[in-house]
1. Using each residue's phi in the stretch 16-23, evaluate 6.51 cos²θ - 1.76 cosθ + 1.60 at θ = phi - 60° and report the 3J(HN,Hα) Karplus result to the nearest Hz, with x for Gly and Pro.
2. Working from Cα positions, state the angle (0 to 90°, nearest 10) between the long axis of helix 292-304 and the longest principal axis of the chain.
3. What are the residues whose amide H is under 5 Å from the amide H of K335, where those residues sit 5 or more places off or on another chain and H is modelled from the backbone?
4. Give me the percent of accessible area attributable to carbon and sulfur for the chain, probe 1.4 angstrom.
5. Shape verdict for the stretch 186-345, please, from the Cα gyration tensor: rounded (a/c under 1.5), prolate (a/b greater than b/c) or oblate.
6. Please list the non-local residues whose amide H lies under 5 Å from the amide H of V30, H modeled 1.01 Å from N, same-chain partners needing a gap of 5 or more.
7. Evaluate 2.2 N^0.38 Å with N set to the residue count of the chain, then give the Cα radius of gyration divided by it.
8. What share of the DSSP beta bridges in the chain is antiparallel, in percent to the nearest 5?
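The values are calculated or read from the model by the stated rules, or taken from the named source; none is laboratory data. Bear in mind that the values here come from a model prediction, so they are computed numbers and not experimental data. A quick note on method: Cβ atoms are made from the backbone with ideal geometry, for glycine too, and the neighbour counts reach across all protein chains shown. When the accessible area is computed, the model is the full protein with side chains, heavy atoms only, and any ligands, DNA or RNA have been set aside. Shrake-Rupley method; radii C 1.70, N 1.55, O 1.52, S 1.80 Å.
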Amino acid sequence: MSAVPARMSAVQLTGHGGPEKLVWRDDLPVPRPGPGEVLVRVLAAGVNMTDINTRLGWYGDADRKAGWAGELAFPRIQGSDLCGRIVVLGEGVEGLPLGARVICPTNQHEPTEENPIHFVSIGSEFDGAFAQYCVVKARHLHDVSASPLPDIEIGAMPCAYGTAENLLSRARVAVGERVLVTGASGGVGLAAVQLALLRGAEVTAQCSPAKADPLRALGAGILPRDATPPARSFDVVIDIVGGDGFQARLDALRPSGRYATSGAVGGPTVTGDLRRIYLNDLTLYGATHQPREVFAGLVTIINKGRLRPVVSKTYPLRDIAEAQADLAAGRYPGKLVLVPPEPQP
């Protein structure tokens, strides 16, 4: 392995607010792994709405802006998607060789006595992948060295595809079931479509017709974004959007149907009729915490190359503000990926 430099380039988030809070630095010390940790050289880092939402303080409330799991400490290096290579092993780390290509889940299980499903998030509660190097606890890393996929495609997958796989797992999507996916041209939505098709489901993707071609090519049916889903037509609804269409999506479920959500880009406050839920025996799932076996299942898919993410554009890490603006505006289907500069000796 090449020597690790003393300094690195990274993007620091200096506070809640607009893109002006993203500050490029060339002089940050390379972090050193402690016991049970490893130092990873970042090869590619996907761009996600969670990074934008965290920057804006969206996960808090009017009085308390926050990250996923609480107050943020600034400055913070964001980046919830990581594909990297291990360059330094901390004390006591076994089972992960130097040079291994690795990924990790965005939400990392760190249980406490008060909260057995407590998690911390890379790029929120600790520094993440918008840098040349980052430190991650070894127990949260997964080896993807065997995958035929390139670094950029793998770097697009942990957050969106981990979230999507968790949604499908929680909703118990099975062969032959009819599944509606909202926001299907976005990162999580498109991942959910691919993974549901891989499970043998019949998938309808709801999205803008202008962005439907990649989904149609996968074999999904298309429902225009502004259309009302047909009533009692689906076994499962995977909802990334929220907002005003919430009740229509519940009505689209067959009796005993399942609704799962992990996003609210259309608005977090919704109105629904509780009678439709209990009279139709519907089950609603919120999906953030990912059991290790769920992410491990995604790792198996990645290592076998069973699907390829749709990556529409890559950017140098320094152009993070442009990448986030493109993502927030929905200019491209699928994923956008940042590439850090090569470390200097």
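1. 6, x, x, x, 5, 7, 8, 10
2. Its long axis makes an angle of about 80 degrees.
3. Amide H neighbours of K335, under 5 Å, 5+ apart: V310, V311, S312.
4. That fraction is 51 percent.
5. Cα axes put the stretch 186-345 in the prolate bin.
6. When sequence neighbours closer than 5 places are left aside, the close amide H contacts are R7, M8.
7. 0.98
8. 50
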